[in-house]
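Everything on this sheet refers to the single structure shown next.
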Amino acid sequence: QQQVRQSPQSLTVWEGETAILNCSYEDSTFNYFPWYQQFPGEGPALLISIRSVSDKKEDGRFTIFFNKREKKLSLHITDSQPGDSATYFCAAQGGRALIFGTGTTVSVSP
Amino acid sequence: GPKVLQIPSHQIIDMGQMVTLNCDPVSNHLYFYWYKQILGQQMEFLVNFYNGKVMEKSKLFKDQFSVERPDGSYFTLKIQPTALEDSAVYFCASSFDWGTSAETLYFGSGTRLTVL
């Protein structure tokens, strides 16, 4: 049973465009949602996170939009840069283990 | 930022043998984790560890797996005996806190385990 789902599996955008990554979850006890960025050959690194009491979190070019009722969230990367090319994992936690989604691989073309 | 070191970066082993993966967590962190990733896909939780004990483990944490952190040194994952399906990249992580929605997991670069 997949508790955290992401779409699309892969995404290609031009430099300067906005990339939108989607995430949904099933467990209503989840209340903390970090997004991790992973480059090939490296471990994932925390990019930005949100708690379920908020509906939006912004950090520079990265913004999380959260809809608790629908159990959905999205990560928007504005003004995408080639250096943003990576795999992005949505994760969820509710007092137990941090569960990762299936990942979205983003490619930014110059 | 804080660094988690994993040794070795790549290990090749014959099926049935024992393997130990080593992790040097962030120095003041108290909670330790192992995740498994196959072919750059989903990160799957294996186990977390605190104060010398396993706190939580998933179905993937088979009886052949064990973890320990003797005398505050490396946090290790031991697989004995190994199976072909154990081939994956294993990521160690550590955090200062846990389960409070305020902890951040810091990951190492992974150990790629190949079981022949």
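The values are calculated or read from the model by the stated rules, or taken from the named source; none is laboratory data. From a predicted model like this one, the values you see are computed outputs, not experimental measurements. Ideal geometry is used to build each Cβ from the backbone, glycine not excepted, and the neighbour counts take in all protein chains shown. Quick note on the areas: whole protein, heavy atoms, side chains included, nothing else; ligands and nucleic acids left out. Shrake-Rupley method; radii C 1.70, N 1.55, O 1.52, S 1.80 Å.
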Accessible area (Å², per residue) of segment A:4-109, counting only protein heavy atoms and a probe of 1.4 Å: 46 Å²
Hand me the trypsin sites (Lys or Arg not before Pro) from segment B:50-116 located in a DSSP loop with no more than 15 other Cβ atoms within 10 Å, in residue order please. B:Lys59, B:Lys62
How far apart, in nm, are two points set 7 Å out from the Cα along the Cα-to-Cβ line at B:Tyr50 and at A:His76? 3.6 nm
Given a cut-off of 22 Å, name the pairs among A:Lys68/B:Lys57; B:Lys57/B:Lys78; B:Lys36/B:Lys59; A:Lys71/B:Lys57 whose C-alpha atoms lie farther apart than that in the structure shown. A:Lys68/B:Lys57; A:Lys71/B:Lys57
Heavy-atom accessible area per residue of chain B, all protein chains kept, 1.4 Å probe, expressed in Å², is 50 Å²
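Estimate the FRET efficiency between B:Phe96 and A:Gln9 by the formula 1/(1 + (r/R0)^6), using the beta-carbon distance for r and 45 Å for R0, to the nearest 0.05.
The formula returns an efficiency of 0.85 here.
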At 7 Å along Cα-to-Cβ for each site, give me the label-to-label distance between A:Lys56 and A:Ile20 in nm. 1.5 nm
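Quick one: buried accessible area between A and B, total over both chains, 1.4 angstrom probe, nearest 100 Å²?
Working: alone 6140 and 6670 Å², together 11180 Å².
Accessible area lost upon association: around 1600 Å².
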Report the Cα centroid-to-centroid distance between segment A:42-82 and segment B:64-105 in angstrom, as an integer. 27 Å
Going out from 0 in 10 Å bins, what whole percent of all Cα-Cα distances in segment B:5-115 drops into each bin? 15, 51, 30, 4, 0
Report in % the part of the accessible area of segment A:1-77 that belongs to carbon and sulfur, leaving out ligands and nucleic acids; probe 1.4 Å. 44 percent
Report, as a whole number in µm² per second, the diffusion coefficient that Stokes-Einstein gives for chain A at 10 °C and 1.306 mPa s using the Kirkwood radius over alpha carbon pairs. 115 µm²/s
